[in-house]
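Q: One structure, pasted below without further comment.
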Amino acid sequence: MSAGLADHASRTVAALFAAVQRRRLARAVAGALEPRLVVVASPSFGGAGKTPIVAYLARRLKDRGARVALVGHGHRGRAIHVRTAAGDPDADGDEATELGRALPGVPIWLGRDRVVAVERALTDADVVLMDSGLGARGIRPGICVLVEDATLPPGVFPRGYGRFRAEDVPRVDVSWRHKVDEPDALPGKADVESVWAATNVRCPEGGEMPFTWLSEGRWVALSGIARPGSFHAALRRCGAAVVEHRVFGDHAVFPAGSMILPEGLRGITTAKDAARMPPDHGWHVLEGGVRVVAGEAEVSALVDRLATLRGATR
C-alpha cells in the first residue's frame with residue numbers, strides 16, 4: 001500500500017471510530033442522570049492519571065465526612081461477578097488492589113456489569129466515583145470530570161492516542177490536565193492542573209523512607225504501566241540514579257527472573273506494579289499521589305457540591 005493510500009485509510013478509520021464514540025458520548029447524557037454518580041474519564045486509552053485522581057477526590061470527600069464508594073474496572077482481574085474488592089490482585093486486578101490499600105474503609109465495587117456495580121455502590125454511599133465508564137450503556141453520571149494527559153498529543157485512534165476528542169464530550173463539569181510538570185508536557189488549558197508527587201518509599205522489609213532517600217545508591221526500575229516514561233520522570237525528580245528500567249506492558253504479569261537484582265543494586269517499582277508481585281518480592285515501592293497546582297478553587301467547589309449530597313440510607 002502506498003503512503004498516500006495508507007494515510008487515507010488511517011484517516012477513514014479514525015473518522016469512523018470518532019463518529020461511533022460521539023454517539024456513545026451523546027447517549028451518556030441523555031435521559032435521567034444520577035446526581036450522586038461522578039465519572040472520572042479520559043480521552044486516552046490508559047495512563048492519563050484517572051485512578052490517582054479518583055483516589056485524591058475520595059480522600060477529599062472522606063475528609064468532609066461524606067460516605068464514598070468507588071466503581072472500578074478490574075482490568076486483568078479474574079472474577080467477573082459484581083462484588084467489592086477483597087485485596088486479591090488475581091481476582092480484582094492491580095488498580096483495585098492498590099486503591100484498596102490507599103483507601104481503607106472505602107468500598108470498591110467491581111464486575112463486568114458496571115450498571116449493577118453502580119446501583120450496588122449507590123445503596124450505601126453518598127457519592128460514587130467511577131473510574132472510566134463515560135459513554136457506557138446505562139451509565140448516566142450527574143458529574144463528568146474529564147482528565148487529559150498533558151504529555152499526549154491530540155488525535156483519535158489510529159492516528160493518535162485517543163478514544164475520542166475532548167471537544168466531542170457533550171458535557172464536561174470539570175476539565176483536568178494531569179502531568180503538567182513532565183518534560184514532554186504540551187501547552188494547554190483546563191479548569192484544574194495537577195502533577196503526581198512522590199511522598200515516600202515503602203521498604204520491602206516494612207517501614208518507610210523519605211523519597212529523597214532515592215538519591216542514595218543505584219537503582220533498577222521495574223514497571224508494567226501504560227506510561228512508563230512518567231514513572232521514570234518521577235524517579236529523576238526524586239534524584240534516583242536509575243541504571244536500568246525494565247519496562248513491560250500495562251498490567252503485565254512479570255516473567256520469571258524479571259525481579260532478580262544484580263549485586264549492589266536496589267529495585268524500585270510503582271504501587272500498582274507491587275500489587276501484582278508476590279508478598280516477598282523484595283522491591284522498594286515509590287508512593288505518592290496527586291497534587292493540584294492550579295484550579296484549587298474549582299476542586300474545592302466540586303468537593304463542596306458533592307459533600308452536600310446524601311444517600312437514601314444515611
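FYI, it's all coordinate maths here, none of it is from the lab. Everything quoted here is computed from the prediction, not taken from an experiment. Cβ: placed from backbone, ideal geometry, glycine included. Neighbour counts: every protein chain shown.
Q: With only alpha-carbon atoms counted, please give the Rg and Dmax of region 92-147, in Å.
A: In Å, with Rg to one decimal and Dmax whole: 11.6, 30.
Q: Next question. Can you pull out the GluC sites (Glu not before Pro) in region 226-294 that DSSP calls coil and that have at most 12 other Cβ atoms within 10 Å? Mind showing how you got there, number by number?
A: Values: sites: Glu244, Glu263, Glu287; in loops: Glu263.
Within region 226-294, the qualifying GluC sites (Glu not before Pro) (loop, at most 12 other Cβ atoms within 10 Å) are Glu263.
Q: Calculate one ³J(HN,Hα) per residue across region 224-238 by plugging θ = phi - 60° into the Karplus curve 6.51 cos²θ - 1.76 cosθ + 1.60, and present them in order as whole Hz with x for glycine and proline.
A: x, 10, 5, 10, x, x, 5, 5, 5, 5, 5, 5, 4, 5, 7
Q: Any idea what the relative contact order of the chain is, in percent, if you count C-alpha pairs under 8 Å spaced at least 6 apart? Write out the running numbers ahead of the final one.
A: Working: 654 pairs, mean separation 66.9, N = 314.
Computed value for the chain: 21 percent relative contact order.
Q: Is region 202-288 rounded, prolate or oblate when judged by the Cα gyration tensor, a ≥ b ≥ c being the square roots of its eigenvalues, rounded requiring a/c under 1.5 and prolate requiring a/b larger than b/c?
A: Rounded, since a/c falls under 1.5.
Q: What is the magnitude of the charge dipole of region 197-290 about its Cα centre, with +1 placed on the Cβ of each Lys and Arg, -1 on the Cβ of each Asp and Glu, and no other charges, expressed in debye to the nearest 20? Before the final figure, lay out each step's value.
A: On the way: 9 positive and 9 negative charges, 62 e Å.
Magnitude of the dipole: close to 300 debye.
Q: What number, rounded to the nearest 500 deg cm²/dmol, is the helix-based mean residue ellipticity at 222 nm of the chain, given -39500 (n - 2.57) per DSSP H run of at least four residues and division by all its residues?
A: Details: 8 runs with 88 residues, N = 314.
Mean residue ellipticity at 222 nm (helix-derived): -8500 deg cm²/dmol.
Q: Moving to a separate point now. Using the crude model of +1 on Lys and Arg Cβ and -1 on Asp and Glu Cβ, and no other charge, please compute the dipole size for the chain relative to its Cα centre, in debye to 20.
A: Working: 41 positive and 36 negative charges, 212 e Å.
Around 1020 debye, computed over the chain.
Q: I've got another one for you. Only four residue types carry charge here, +1 at the Cβ of Lys and Arg and -1 at the Cβ of Asp and Glu. Report the dipole size of region 48-157 about the Cα centre in Debye, rounded to the nearest 20. Present the calculation step by step, with values, prior to reporting the outcome.
A: Values: 15 positive and 14 negative charges, 54 e Å.
Using only the charged Cβ atoms, the result is roughly 260 debye.
Q: For Pro262, what charge total do you get from the other residues with a beta carbon under 14 Å from its beta carbon, if Lys and Arg give +1 and Asp and Glu give -1? Each step should come with its number before you reach the end.
A: Values: positive: Arg218, Arg246, Arg266; negative: Glu244, Glu263.
Neighbourhood net charge equals +1.
Q: Using θ = phi - 60° and the Karplus relation 6.51 cos²θ - 1.76 cosθ + 1.60, list the HN-Hα couplings for region 266-276 in order, rounded to whole Hz, with x at every Gly or Pro.
A: Coupling constants for region 266-276: 9, x, 9, 9, 8, 5, 5, 6, 4, 5, 8 Hz.
Q: Quick one: grab the alpha carbon gyration tensor of the chain, order the square roots of its eigenvalues as a ≥ b ≥ c, and give me rounded if a/c is under 1.5, else prolate or oblate depending on whether a/b is larger than b/c. Numbers along the way, then the final one.
A: Numbers: a/c = 1.59, a/b = 1.20, b/c = 1.33.
The shape class here is oblate.
Q: Could you pull out every residue, at least 5 positions away or on a different chain, whose amide H is within less than 5 Å of the one on Gly160? Hs are placed 1.01 Å off N in the peptide plane, and Pro or chain starts have none.
A: Residues meeting the criterion, in which the H sits 1.01 Å from N, do not exist here.
Q: Per residue of region 153-161, what does 6.51 cos²θ - 1.76 cosθ + 1.60 with θ = phi - 60° give for ³J(HN,Hα)? Whole Hz please, x for Gly and Pro, Karplus curve as stated.
A: x, x, x, 9, 2, x, 9, x, 9
Q: Could you work out the relative contact order of region 197-290? I mean the mean sequence separation of Cα pairs under 8 Å and 6+ apart, divided by the number of residues, in percent. Mind dumping the intermediate values first?
A: Details: 165 pairs, mean separation 37.4, N = 94.
Value for region 197-290: 40 percent.
Q: For region 1-114, report the % of Cα-Cα distances exceeding 17 Å. Mind showing how you got there, number by number?
A: On the way: 4245 of 6441 pairs.
Taking all Cα-Cα pairs of region 1-114, the fraction more than 17 Å apart is 66 percent.
Q: Related question: What's the local net charge at Asp149, with K and R +1, D and E -1, over the other residues with C-beta under 11 Å away?
A: On the way: positive: Lys50, Arg177, Lys179, Arg227; negative: Glu148, Glu182, Asp184.
Around Asp149, the charge tally is +1.
Q: Between Glu34 and residues 5 or more places away or on another chain, which pairs have amide H atoms under 5 Å apart, with H built 1.01 Å from N, and which residues are they?
A: Amide H to amide H, under 5 Å and 5 or more residues apart or across chains, Glu34 pairs with Arg140, Gly142.
Q: Just name one of Cys203, Ala125, Leu57: the one whose Cα is farthest towards the positive end of the charge dipole of the chain (beta-carbon charges, Lys/Arg +1, Asp/Glu -1).
A: About the Cα centre, the residue reaching furthest to the positive side is Ala125.
Q: Positive end of the charge dipole of the chain (Lys, Arg +1 and Asp, Glu -1 on Cβ, about the Cα centre): tell me which of Leu222, Ser10, Val242 has its Cα farthest that way.
A: Ser10
Q: As I understand it, the dipole of the chain uses +1 on the Cβ of Lys and Arg and -1 on the Cβ of Asp and Glu, about the Cα centre. Which of Leu134, Ala28, Pro183 lies farthest toward its positive end?
A: Ala28
Q: Still on this structure: What does the charge count around Asp92 come to, taking other residues whose C-beta lies under 9 Å from its C-beta (Lys +1, Arg +1, Asp -1, Glu -1)?
A: Details: positive: Arg78, Arg83; negative: Asp88, Asp90, Asp94, Glu95.
Net of charged neighbours comes to -2.
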